[in-house]
Amino acid sequence: IKGESAEDSVAKILSCLWHVYKASDLEKGAFSDWDLSVSQVGTGHEICTVEVKYDEMQSKTGNVAIEINNPRSGKPSGLTATKANLWCQVLKDSAWITSVKGLRKFCEETPPFKMFSSAGDGNAAILLYKTEDILKIFERIDKCSKIQLQQKIHSLLQLA
C-alpha cells in the first residue's frame, strides 16, 4: 500500500507536464519492468519509464536502501532487474530522481557501508548508503517548478 502511494505521489508530480500511466493499471496481474510510463501530452509518445521505491526506514536510520535481489526467488529485483530509464526514491517527506544508469554506476563504484541479504520481510537483498552520500546523484522533484522539473528530467534522460 505504501509503495502504491509513493507511485501515486510521483505520478502526480510528473502529471503536471506529461501523461503518466501506472504499469499496474496497464498490465493487470503481470510482472512489470517499470512502475510508471511518462508520455508526451497530445502525441502519447513515451518519454521515459520510472521505477519508484519507497524507503520507509530512511527517516529513522538516515540511510537509503537500494534493492538488488529477491532472496526468496533467487532472482534479480529492484536496481538489477528494472528496465526503467529513471529511478525515483521516495522518502518520508521528499521525492528524488536519477537515471537508472547513473544509480547503477554509483552502486558499482561506491561500496555500500552495509549490505543485507534478507531485509524487510525477508524478500529483498539491499545495499545501504548514507542518505547524504547517495542523494548527491539524485535531483529533488517534489519542491520544484514545472520548468525546473522539465529541465531535471530532460537532463537525466540525456544521461540514461
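The values are calculated or read from the model by the stated rules, or taken from the named source; none is laboratory data. Everything numeric in this text was worked out from a predicted model, so none of it was measured. Virtual Cβ from ideal backbone geometry, glycine too; neighbours counted across all protein chains shown. Ligands, DNA and RNA are excluded from the accessible area calculation, which covers all protein heavy atoms including side chains. Shrake-Rupley method; radii C 1.70, N 1.55, O 1.52, S 1.80 Å.
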Can you give me the number of residues within the range 20-35 that are open to solvent by 60 Å² or more (accessible area, probe 1.4 Å) and either at pLDDT 95 or above or farther than 19 Å from I97 by Cα (or both)? 6
Only one residue in I126, I97, I141, I137 is aliphatic (A, V, I, L, M) and open to solvent by 30 Å² or more (accessible area, probe 1.4 Å). Which one? I137
Is at least one residue of the range 116-137 modelled with pLDDT under 95, closer than 16 Å to V10 by Cβ and either out of contact with any Leu (no Cβ under 9 Å at 6 or more places or on another chain) or not hydroxyl-bearing (S, T, Y) (or both)? no
Residues located in the range 80-111, provided they are farther than 18 Å from C144 by Cα and free of Cβ contacts under 8 Å to residues at least 40 places away in the same chain: T80, L103, R104, K105, F106, E108, E109, T110, P111
For the range 48-66, name all the residues that are outside any loop (DSSP other than H, G, I, E, B), in contact with a Ser or Thr (Cβ under 9 Å, 6 or more places away or on another chain) and not aliphatic (A, V, I, L, M). C48, T49, E51, Y54, Q58, T61, N63
Quick check on this structure: which one of K92, K105, K101 is of a type in the set (K, R), more than 14 Å from A125 (Cα to Cα) and touching a Ser or Thr at 6+ places or on another chain (Cβ under 8 Å)? K92
Just for the range 36-60: of the residues that are within 23 Å of I137 (Cβ to Cβ) and open to solvent by 70 Å² or more (accessible area, probe 1.4 Å), which one is nearest to the chain's Cα centre (by Cα)? Y54
The listed residue being of a type in the set (F, W, Y) and within 25 Å of E132 (Cα to Cα), out of W87, W34, W18: W87
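Yes/no matrix, rows are residues, columns are (1) assigned to a helix (DSSP H, G or I); (2) of a type in the set (A, V, I, L, M, F, W, C); (3) open to solvent by less than 90 Å² (accessible area, probe 1.4 Å):
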| residue | (1), (2), (3) |
| --- | --- |
| R72 | no, no, no |
| K83 | no, no, no |
| M115 | no, yes, no |
| E132 | yes, no, no |
| I147 | yes, yes, no |
Verdict on S155 being among the hydroxyl-bearing types (S, T, Y), assigned to a helix (DSSP H, G or I), over 22 Å from S5 (Cβ atoms) and over 15 Å from the mean Cα position of the chain (by Cα): yes
Meets criteria (out of contact with any Leu (no Cβ under 8 Å at 6 or more places or on another chain), of a type in the set (G, A, S), closer than 27 Å to S37 by Cβ and open to solvent by 60 Å² or more (accessible area, probe 1.4 Å)) for G78: no
